[in-house]
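Report on one structure; see the data block that follows.
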Amino acid sequence: MKTILVCNQKGGVGKSLVADEIAFSFERSGIPVSFYDLDTQGGTLHKTHEADGAQVAVVDTPGALQEGLADWLKEADVVVIPTRTTSRDIEPLMRMRKAVFKNGHAKIVYVMNGWNRFKASRDFMEWFEGLAGDQTVAKLPQSEAFVQAGAAGKSVVCVLSSCYRPVWREFSFRKSGRF
């Protein structure tokens, strides 16, 4: 079984979102996936479970440097490092990269969460792409679709396609007298 570790010592960078979307992707493809939520904040849509015949394990980690991080990194086949594209995220991102290089052999995938077209985000990407070299860098755009997906308990892919029924339709605003 291959292990995909989603980690960054900084909280609020989208680790749980990215872990969920990776798991949803395998599920859509019919590939059995086990999911491990080590982050006690409970931000994932998936619950910890071991799937029969799982070919992949997705591991969502807490937003802090944990004692077990070195071991987790050594066991991982792929390390996904989500980050926001702001100057405040540079130092934690660099520490995370250092930990991965020191403790692992895994392929690294960087996910730039909340990327947008504005100068600060563009400048961050220009700086980081020079640093990342031939490593994989993916961009998740700043989008309301991620919020809608979380509220619906579904993948953002489902929200953007026909399988989504907006959560707000579940409520009757008329009963409250507000609309």
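The values are calculated or read from the model by the stated rules, or taken from the named source; none is laboratory data. All values reported here derive from a predicted model rather than from experimental measurement. Cβ coordinates were reconstructed from backbone atoms using ideal geometry, including for glycine residues, and neighbour counts include every protein chain displayed. Surface accessibility is based on the protein's heavy atoms, side chains included, excluding ligands, DNA and RNA. Shrake-Rupley method; radii C 1.70, N 1.55, O 1.52, S 1.80 Å.
Give, rounded to the nearest 20 debye, the magnitude of the charge dipole that the chain has about its Cα centre when Lys and Arg contribute +1 at Cβ and Asp and Glu contribute -1 at Cβ.
It works out to roughly 780 debye.
Write down the percent of antiparallel bridges among all DSSP beta bridges whose residues are both part of the chain, to the nearest 5.
Restricted to the chain, the bridges split so that about 5 percent are antiparallel.
For the chain, what does the helix formula give at 222 nm: sum of -39500 (n - 2.57) over DSSP H segments with n ≥ 4, over the residue count, nearest 500 deg cm²/dmol?
Taking each H run of at least 4 residues, the total per residue is -10500 deg cm²/dmol.
Springs between alpha-carbon pairs under 10 angstrom, Gaussian network model over the chain: which of R28, R117, R97 fluctuates most?
Of the options given, R117 has the highest mean-square fluctuation.
Report the relative contact order of the chain, percent, no decimals, based on alpha-carbon pairs under 8 angstrom and at least 6 residues apart.
21
Counting only protein heavy atoms, what percent of the accessible surface of the chain is carbon or sulfur at a 1.4 Å probe?
52
Between S121, S161, S87, where does the largest GNM mean-square fluctuation fall for the chain, given springs only between Cα atoms within less than 10 Å?
The residue that fluctuates most here is S161.
Pull out a ≥ b ≥ c, the square roots of the eigenvalues of the alpha-carbon gyration tensor of the chain, then state rounded if a/c is under 1.5, prolate if not and a/b is larger than b/c, and oblate in the remaining case.
oblate
Which one of V157, V18, V111 has the biggest mean-square fluctuation once the chain is modelled by GNM with Cα springs under 10 Å?
Highest fluctuation among the options: V157.
Over what distance in Å are the Cα centres of the range 87-146 and the range 2-41 separated?
So the separation of the two Cα centres works out to 17 Å.
Find the accessible area per residue for the chain; the probe is 1.4 Å, ligands and nucleic acids are left out, and the unit is Å².
With the other protein chains kept in place, the chain gives 58 Å² per residue.
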